[in-house]
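Coordinate-derived values only; no laboratory data. The model shown is predicted, which means the values in this text are computed figures rather than measured ones. In this analysis, Cβ positions are derived from the backbone assuming ideal geometry, glycine residues included, and neighbour counts consider all displayed protein chains.
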Amino acid sequence: MILVDTSIWIDYLNDVNSPHCKTLDIALVEGTAAIGDIIFLEILQGIRNDKEYRKTKLQLSKLDQYEMFGQRMVEQCARNYRHLRKKGITIRGTADVIIATFCIKNKIPLLFKDKDFTPFMSHLGLLSAELET
């Protein structure tokens with residue numbers, strides 16, 4: 001199973017031809033692509049057209065879904081953010097901290113293109129789905 005970050009889904013839903021989208025395509029065919037609640041939220045809140053919203057929601061609802069954040073994740077997310085900050089690395093988005101921490105904790109590879117995830121690989125053991133395929 002791999003978790004797919006928002007930016008990859010956006011490219012995929014907009015028919016962008018990229019290596020990341022090809023990896024996602026393979027994962028969808030194999031049934032190994034999953035989505036997290038925060039990622040699902042980010043995708044849906046960005047859709048302006050009601051028809052596209054309903055279509056996308058229906059398609060993505062068929063995937064394996066993870067609840068990524070809760071009381072037990074708060075401390076671990078803060079710990080990971082602080083660890084990177086002490087190394088002089090500032091992660092721009094809280095959602096990225098949650099996504100990366102969830103994947104690290106559950107040993108789920110993440111398919112991403114956002115550079116904010118790279119320090120999580122280098123310093124905290126985040127697995128890249130790109131290396132898995």
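Would you mention how many residues in the stretch 1-44 are over 22 Å from Met68 (Cβ atoms) and under 15 Å from the mean Cα position of the chain (by Cα)?
Residues in the stretch 1-44 being over 22 Å from Met68 (Cβ atoms) and under 15 Å from the mean Cα position of the chain (by Cα): 1 in total.
Considering Ala100, Ala95, which residue is without any contact (Cβ under 8 Å) to a residue 40 or more places away in the chain and under 17 Å from Ile35 (Cα atoms)? Reasoning before the result, please.
Numbers: Ala95 fails: without any contact (Cβ under 8 Å) to a residue 40 or more places away in the chain.
On inspection, the qualifying residue turns out to be Ala100.
For the stretch 41-55, check the following and say yes or no: at least one residue is of a type in the set (Asp, Glu) and within 20 Å of Lys115 (Cβ to Cβ).
Yes; the residues of the stretch 41-55 include at least one that is of a type in the set (Asp, Glu) and within 20 Å of Lys115 (Cβ to Cβ).
Working only within the stretch 74-109, note down all residues that are farther than 13 Å from Leu126 by Cα, of a type in the set (Ser, Thr, Tyr) and surrounded by 18 or more Cβ atoms within 10 Å (Cβ to Cβ).
Of everything in the stretch 74-109, just one residue is farther than 13 Å from Leu126 by Cα, of a type in the set (Ser, Thr, Tyr) and surrounded by 18 or more Cβ atoms within 10 Å (Cβ to Cβ), namely Tyr81.
Lys51: charged (D, E, K, R), over 18 Å from Asn106 (Cα atoms) and touching a helix residue (DSSP H, G or I) at 6+ places or on another chain (Cβ under 8 Å), yes or no?
Criteria not met by Lys51.
Considering only residues of the stretch 38-64 that are among the aliphatic types (A, V, I, L, M), touching a residue at least 12 places away in the same chain (Cβ under 8 Å) and part of a helix (DSSP H, G or I), which is farthest from Val4 (Cα to Cα)?
Applying the filter and picking the extreme gives Leu44.
Could you tell me how many of the residues in the stretch 16-32 are surrounded by 19 or more Cβ atoms within 10 Å (Cβ to Cβ) and either in contact with a Lys or Arg (Cβ under 9 Å, 6 or more places away or on another chain) or small (Gly, Ala, Ser) (or both)?
2
If we scan the stretch 65-73, do we find a residue that is over 10 Å from the mean Cα position of the chain (by Cα), outside any loop (DSSP other than H, G, I, E, B) and under 22 Å from Glu130 (Cα atoms)?
Checked against the condition, which is being over 10 Å from the mean Cα position of the chain (by Cα), outside any loop (DSSP other than H, G, I, E, B) and under 22 Å from Glu130 (Cα atoms), the stretch 65-73 yields at least one hit.
State which residue pairs qualify: first residue free of Cβ contacts under 8 Å to residues at least 24 places away in the same chain and inside the stretch 1-23, second residue assigned to a strand (DSSP E or B) in any location, beta carbons under 9 Å apart, and separation of 6 or more residues or different chains.
Close Cβ pairs satisfying both conditions: Tyr12/Val4.
Which count do you get for residues in the stretch 53-73 that are hydrophobic (A, V, I, L, M, F, W, C) and loosely packed, with under 12 Cβ neighbours inside 10 Å?
Count: 1.
Which numbered condition trips up Ile35, out of (1) surrounded by 15 or more Cβ atoms within 10 Å (Cβ to Cβ); (2) in a helix (DSSP H, G or I)?
(2)
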